[in-house]
Amino acid sequence: MKRIYKGLALSVFMIGAVFLSAKAQNPIIQTKFTADPAPMVHNDTVFLYTGHDEDDAFGFKMHNWLLYTSTDMVNWTEHGAVASLQDFDWVPHENGAWAAHSIERNGKFYLYCPVPGGVGIGVLVADSPYGPFKDPIGKPLIKKSEHDIDPAVFIDDDGQAYLYWGNPKVYYVKLNEDMISYSGEIIQDPSTPDNYQEGPWVWKRNGHFYLSYASTCCPEGIGYAMSNSPTGPWEYKGMIMDGDKRSNGNHPGIIDFKGKSYVFGFNYNILKQTMSKHYERRSICVEELTYNADGTIQKHPFWSRNVEQVSTLNPYKRVEAETMAWSEGVKTEFATEWERNISWDKGKKITERLFATSIHNGDYIKVQGVDFSDGPKAIEVSVASLYGGKIELRVDNIDGPLIGTVNIDAKGQGDIWKTMTSPVRDIKDVHDLFFVFRGEKDLFNFDWWKFTK
């Protein structure tokens, strides 16, 4: 009887834990410092292009643009750097990969990339949202003034595309259908709305045109204006989110996905876990956006945690280790494996990997809403062992029920990737899954995982 009661209590605890953790945690990326979100929806996936603040940034130290994807709005998979300043032959320096914008048209994907200091706004194009991206024109698309930052593209229902940008004024121009040239004059919008600072983002909903932006400075919140036309005049309507003294800047990115609306931006919370002074090391956040009946937008608190998971994760397909809803202590790294470790004669490229690294005792990765409905028998993991250690598989909480342990006994094999298999306890239904790492020193690198039925 005690055994039955204990099992029932454990089941109730586990179910309760799932409901308690059904919402995302902000910031949504913890392994790198990310800023200036540019979300794009394609094929039931959110493609989130981001700026990248380097780990040692004092001011803005930004060399490339990163890509993350999600199908459920809580688990985000990193895909590494998809573009950099080196993709533009006309950019004279290595720093300055500021807020970019992404859009798809006619099966091609465009990334509009500003370089501050009067260098201009460039455009890259690819046949896939994952890249590779190339510069099709070999020069800036926009080069007008020191205000050429924060581009945003909107395509109206009639097919006309517009490019917006600017600080402290809004500029726009009509793009041609090829998306890499424009027609007519560059216009400085005479109706730049109240509290406009930078970071414009334009979209259309139910016949209303919206312009959101980083509002006031500093700190910057997110304000918005509305219009009956994509070229204004814009009427200020209020704040989507007030600024907060804990976060100096902001940059909105707004999408609809699976029946809901979302606003992306950033704060400095990951930085503030370890630093008390201000550095430009930002972290992207997301909030569900709520409209009123008249089309105006409700004001939201400063990056609360109200984004619910919109679909579950399948653990029986290979899942990259850099797919996570939350992590502590873990970083990510990209590496190319060659046939030979001889710098002048590498031979053939074996593969390229993005993997979880900097793993130490007590670090963990959380994957949210994993559907174990079929009942797993074992787990496979791909690791390269440094000093070795263990992966504890726990559900619903970092110290929740243990369903398995992967023992990684090898040492000194950080350049050799092995697939290891370990049995797991039978488990049903949907649970949050925690990979909790145990051991001494640098444990191992972690590439992917997969449960077997």
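The values are calculated or read from the model by the stated rules, or taken from the named source; none is laboratory data. Values in this document were obtained by computation on a predicted structure and should not be read as measured data. Reconstructed Cβ throughout: ideal geometry from the backbone, glycine too, with neighbour counts over all protein chains shown. The protein model used for the area step is the full one, side chains on, heavy atoms only, and it has no ligands, DNA or RNA in it. Shrake-Rupley method; radii C 1.70, N 1.55, O 1.52, S 1.80 Å.
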Rg and Dmax of the range 349-453, Cα atoms only, in Å: 13.5, 42
Solvent-accessible area, 1.4 Å probe, carbon plus sulfur percent, for the chain: 48
Order by protection proxy (mean Cβ within 10 Å, highest first), peptides 116-123, 436-443: 116-123, 436-443
Spatial separation of Cα centroids for the range 29-71 and the range 136-188, in angstrom: 22
Peptide ranges 38-47, 65-74, 316-325 listed from the most packed, as the mean C-beta count within 10 angstrom indicates: 65-74, 316-325, 38-47
Contour minus Cα-Cα distance for HIS360 and ASP127 (0.36 nm per residue): 80.0 nm
Förster-model FRET efficiency, 22 Å R0, ASP242 and HIS42, C-beta, rounded to 0.05: 0.10
Angle between the chain longest axis and helix 2-20 axis [Cα atoms, degrees, rounded to 10]: 10
Listed residue pairs exceeding 26 Å between alpha carbons, taken from LYS61/LYS204; LYS32/LYS237; LYS108/LYS169; LYS174/LYS299; LYS260/LYS366: LYS61/LYS204; LYS32/LYS237; LYS108/LYS169; LYS174/LYS299
Of the GluC sites (Glu not before Pro) in the range 234-305, those whose Cβ has at most 13 other Cβ within 10 Å and which sit in DSSP loop: none
The chain: Cys lacking any partner C-beta under 4.7 angstrom: CYS113, CYS285
R0 of 22 Å, Cβ-Cβ distance LYS377-GLU328: FRET efficiency to nearest 0.05: 0.15
For peptides 251-262, 416-427, sequence by mean Cβ density within 10 Å, most packed first: 251-262, 416-427
Å² per residue, accessible surface of the range 141-250 at 1.4 Å: 41
Surface accessible to a 1.4 Å probe, per residue, for the residues of the range 317-408, Å²: 44
Spin-label pair ASP178/THR351, simplified geometry with 7 Å Cα→Cβ offset, distance in nm: 4.0
Candidate lysines for bridging to LYS411, where Cα separation is under 19 Å - those fewer than 8 sequence places away on the same chain excluded: LYS390, LYS441
